[in-house]
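Contents: one structure, followed by commentary.
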Amino acid sequence: MSQTKIESILNENRLFQPSNEFITHSRIKSLAEYERLYETAKSNPEDFWATLAQQELHWFAPWDRVLDWQPPMAKWFVNGKINISYNCLDRHLTTGRRNKAALIWEGEPGDTRTFTYAQLHREVCQFANVLKQLGIQKGDRVGIYMPMIPESVIAMLACARIGAPHSVIFGGFSADALRDRLNDAQAKLVITADGGWRKDAIVPLKEQVDRALADGAVPTVTTTLVVQRTKQEIKMQPQRDHWWHHLQPTVSAQCPAEPMDSEDMLFILYTSGSTGKPKGVVHTTAGYNLYTHITTQWIFDLQDRDVYWCTADVGWITGHSYIVYGPLSNGATTLLYEGAPRASNPGCFWDVIEKHGVNIFYTAPTAIRAFIKMGDHLPKSRDLSSLRLLGSVGEPINPEAWMWYHQVIGGGRCPIVDTWWQTETGGIMVTPLPGAIPTKPGSATRPFPGIIADVVDLEGNSVPDNEGGFLAIQYPWPGMMRTVYGDPDRFRRTYWEYIPPKDGHYYYFAGDGARRDEDGYFWVMGRVDDVINVAGHRLGTMEVESALVSHPAVAEAAVVGKPDEVKGEEIVAFVTLESTHSPTEELKKILKNHVTQEIGAIARPGEIRFSEALPKTRSGKIMRRLLRSLAAGQEVSGDTSTLEDRSVLDHLRQGS
Ligand code: WTA
């Protein structure tokens with residue numbers, strides 16, 4: 001975050017109380033009530049979670065132990081039998097929700113479809129039966145590479161129904177990135193679509209799958225299932241590729257949900273870390289179901305009549321937890337939107353809110369900042385009076401953006417829940433409960449009940465109020481990741497031993513810097529590791545560097561984030577070239593395209609700077625701190641005495 005943003009957060013002391021009208025209908029109505037819940041959960045976490053698990057979820061068979069904690073390995077609801085697809089669908093069919101809208105889809109250009117709970121259940125059963133027909137069994141991993149269409153949600157629930165862990169790969173990832181993830185997960189089948197709509201153009205998803213699978217590059221994948229969306233000509237490979245709309249009429253609409261063990265794997269979701277290789281974050285069934293269920297209910301203050309809209313993509317954890325599993329487990333109406341704001345349709349989000357009477361709206365600061373630039377006239381010319389609650393996720397929200405969101409979108413009446421969490425945590429960890437916790441612009445406020453969050457130094461000592469430190473969690477929670485797929489050591493090292501355990505106490509290290517103020521409010525400052533957050537997308541600097549050095553022109557590359565007014569951060573790559581190549585504008589473009597091809601457009605560097613050498617310590621480590629200052633156009637401050645060759649810095653300053 002830029003210095004000015006940090007300063008504005010440090011000086012922020014406005015406090016916003018929820019309105020009486022909001023409180024009257026809200027689930028948790030006062031700070032005292034939140035604090036009671038928090039203390040109950042803290043003094044006896046197992047009882048707290050067990051009571052909720054009993055009350056809120058359907059079980060095929062009860063658990064015999066709430067928690068088995070062999071740090072850092074946790075098992076929740078040991079030996080319980082449960083199915084999240086059952087909890088998201090079947091159990092609502094015998095209630096008044098049977099004919100309630102479960103999923104409203106707003107597609108591009110202008111298509112709309114609505115599924116009631118009964119209809120969604122039917123489609124999921126059919127999809128599950130097709131997967132079975134194609135040879136998928138409990139435990140087989142299934143890749144999902146899809147646009148934002150109802151079949152993405154249906155496919156996820158169908159996998160969960162038969163116990164086949166899914167691995168959703170964001171549709172913006174390139175064929176190369178897709179191939180690596182499918183290989184790591186050893187997926188057996190890939191669900192995709194002919195294409196998807198993205199900013200007025202077709203994304204050729206099936207073509208990318210063909211590329212990823214070409215020449216037997218993913219030996220485990222023998223089958224693909226293709227949903228028809230954009231209807232352009234695509235090549236179908238006989239034996240391997242199957243159309244969903246051909247198979248759907250051949251199967252029954254009945255498919256009982258498979259009783260899964262609480263700890264059976266529900267999904268793998270790849271996310272970026274400090275090393276070049278993305279991590280397969282593993283989430284299991286019961287704990288994830290409970291955690292996403294209860295966080296959705298309390299944080300978004302769900303009422304049965306609400307239309308709830310989260311603008312994330314299903315390819316990210318926010319889509320998993322807060323478009324699909326959390327809302328559906330609660331029997332809510334969840335909205336899925338295929339479009340994105342763009343020059344040809346800058347007011348599309350406000351149109352969707354007006355058209356569907358959205359009550360709860362959950363989006364990212366980067367989108368909010370982009371809207372501010374587009375001008376107030378767009379939201380002001382729409383009827384946004386249906387909105388009751390607003391949410392923010394993905395990166396720190398600066399107070400200016402928070403105030404605009406509050407006033408212009410929320411009309412001053414909607415509380416804002418600024419929710420801090422991660423792919424690894426499964427669900428929201430630090431957040432206001434909107435009827436109970438007064439908000440401060442830029443603060444994610446207080447930990448969710450059951451979450452023992454702290455700001456610590458690297459020895460695990462709590463730091464005093466208002467001093468910077470590392471955000472850490474002290475005790476396991478049901479939604480936490482269970483391991484890194486295929487690499488339990490990495491799980492242990494990265495998250496639970498980064499802060500050395502003391503007297504049997506383990507800290508979960510989140511990788512974020514934070515401070516806690518005198519009211520116990522958390523202010524998350526951003527990543528402290530080699531992860532950058534570009535427009536709410538999480539990218540590893542090493543990942544982008546590996547992509548760059550895989551190009552023959554590149555000898556060495558160092559990637560840093562530079563503050564960006566809209567995207568939060570922007571990628572700047574410092575590149576040294578092989579002697580066979582010269583630095584040209586053309587080569588910059590080629591390298592940017594190369595990264596797009598290797599990872600996807602989200603990783604495309606905003607800026608490439610050629611340099612004769614990179615600043616390194618005497619032990620050969622690249623000094624990113626210096627590069628970050630240079631990229632931001634700041635004076636290089638602090639200690640440079642460890643720099644091996646000071647002339648490198650002078651060259652970089654002059655800008656080559
Ligand atoms: C950042 C997204 C500040 C943070 C759910 C975290 C946030 C990373 C917030 C996880 C927030 C997310 N305030 N920072 N409200 N929410 N972050 O795994 O740096 O894609 O570690 O999960 O996003 O990104 P991920």
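The values are calculated or read from the model by the stated rules, or taken from the named source; none is laboratory data. Given the structure is predicted, the values throughout are model-derived calculations rather than measurements. Positions of Cβ are generated from backbone atoms using ideal geometry, with glycine treated the same way; all protein chains shown enter the neighbour counts. Just so you know, the surface numbers come from the protein's heavy atoms only, side chains and all, with ligands and any DNA or RNA stripped out. Shrake-Rupley method; radii C 1.70, N 1.55, O 1.52, S 1.80 Å.
This table checks each residue for (1) farther than 16 Å from Ile234 by Cα; (2) modelled with pLDDT under 95.
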residue: Phe173; (1), (2): yes, no
residue: Ala177; (1), (2): yes, no
residue: Arg181; (1), (2): yes, no
residue: Gln186; (1), (2): yes, no
residue: Arg198; (1), (2): yes, yes
residue: Leu205; (1), (2): no, no
residue: Gln208; (1), (2): no, no
residue: Ala212; (1), (2): no, no
residue: Val218; (1), (2): yes, no
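Which residues, taken from segment 570-595, are touching a residue at least 40 places away in the same chain (Cβ under 8 Å) and open to solvent by 30 Å² or more (accessible area, probe 1.4 Å)? Hits for segment 570-595 are Pro583, His594. Across segment 417-435, which residue is farthest from the ligand (Cβ to nearest atom) among those that are of a type in the set (A, V, I, L, M, F, W, C) and out of contact with any Phe, Trp or Tyr (no Cβ under 6 Å at 6 or more places or on another chain)? Per the criteria, the residue is Val417. Within segment 509-551, the set of residues being more than 28 Å from Ile571 (Cα to Cα), within 16 Å of the ligand (Cβ to nearest atom) and open to solvent by less than 50 Å² (accessible area, probe 1.4 Å) comprises Asp517, Tyr521. With the requirement that a residue be of a type in the set (Lys, Arg) and open to solvent by 40 Å² or more (accessible area, probe 1.4 Å), what does segment 184-208 give you? Residues satisfying the conditions are Lys188, Arg198, Lys199. Within segment 292-311, being buried (at least 24 other Cβ atoms within 10 Å of the Cβ), more than 16 Å from the ligand (Cβ to nearest atom) and farther than 17 Å from Trp49 by Cβ holds for Asp301, Tyr308, Trp309.
Could you tell me whether any residue of segment 368-376 is within 16 Å of the ligand (Cβ to nearest atom), basic (Lys, Arg) and not in a strand (DSSP E or B)? Within segment 368-376, one or more residues are within 16 Å of the ligand (Cβ to nearest atom), basic (Lys, Arg) and not in a strand (DSSP E or B). Within the set Val209, Val314, the sole residue that is in contact with a Leu (Cβ under 9 Å, 6 or more places away or on another chain) and either part of a helix (DSSP H, G or I) or away from the ligand (no atom under 16 Å from the Cβ) (or both) turns out to be Val209. Candidates are the residues of segment 333-378 that are surrounded by 15 or more Cβ atoms within 10 Å (Cβ to Cβ) and among the hydroxyl-bearing types (Ser, Thr, Tyr); the one that is farthest from Lys100 (Cα to Cα) is Thr366. Residue pairs whose Cβ atoms lie under 6 Å apart, separated by 6 or more positions or on different chains, with the first residue in segment 596-614 and more than 14 Å from Glu545 (Cβ to Cβ) and the second among the basic types (Lys, Arg) and open to solvent by 50 Å² or more (accessible area, probe 1.4 Å), are Thr596/Arg604.
Restricting attention to segment 390-405, the residues that are within 15 Å of the ligand (Cβ to nearest atom) and either open to solvent by less than 20 Å² (accessible area, probe 1.4 Å) or of a type in the set (A, V, I, L, M, F, W, C) (or both) add up to 10. Scanning segment 97-110 for residues that are under 26 Å from the mean Cα position of the chain (by Cα) and either closer than 22 Å to Cys348 by Cβ or free of Cβ contacts under 8 Å to residues at least 40 places away in the same chain (or both) returns Ala101, Leu103, Ile104, Trp105, Glu106, Gly107, Glu108, Pro109.
Looking only at segment 26-46, which residues are more than 11 Å from Pro449 (Cβ to Cβ) and either under 29 Å from the mean Cα position of the chain (by Cα) or surrounded by 15 or more Cβ atoms within 10 Å (Cβ to Cβ) (or both)? Listed by number, the residues that qualify are Ser26, Arg27, Lys29, Ser30, Leu31, Glu46. If you go through segment 615-632 and pick out every residue that is touching a residue at least 12 places away in the same chain (Cβ under 8 Å) and part of a helix (DSSP H, G or I), you end up with 7.
Yes/no matrix, rows are residues, columns are (1) modelled with pLDDT of 95 or more; (2) in a helix (DSSP H, G or I); (3) among the small types (Gly, Ala, Ser); (4) touching a Phe, Trp or Tyr at 6+ places or on another chain (Cβ under 8 Å):
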residue	(1), (2), (3), (4)
Glu7	no, yes, no, no
Arg14	no, no, no, no
Tyr34	yes, yes, no, no
Thr40	yes, yes, no, yes
Phe48	yes, yes, no, no
Leu52	yes, yes, no, no
Trp63	yes, no, no, yes
Leu67	yes, no, no, yes
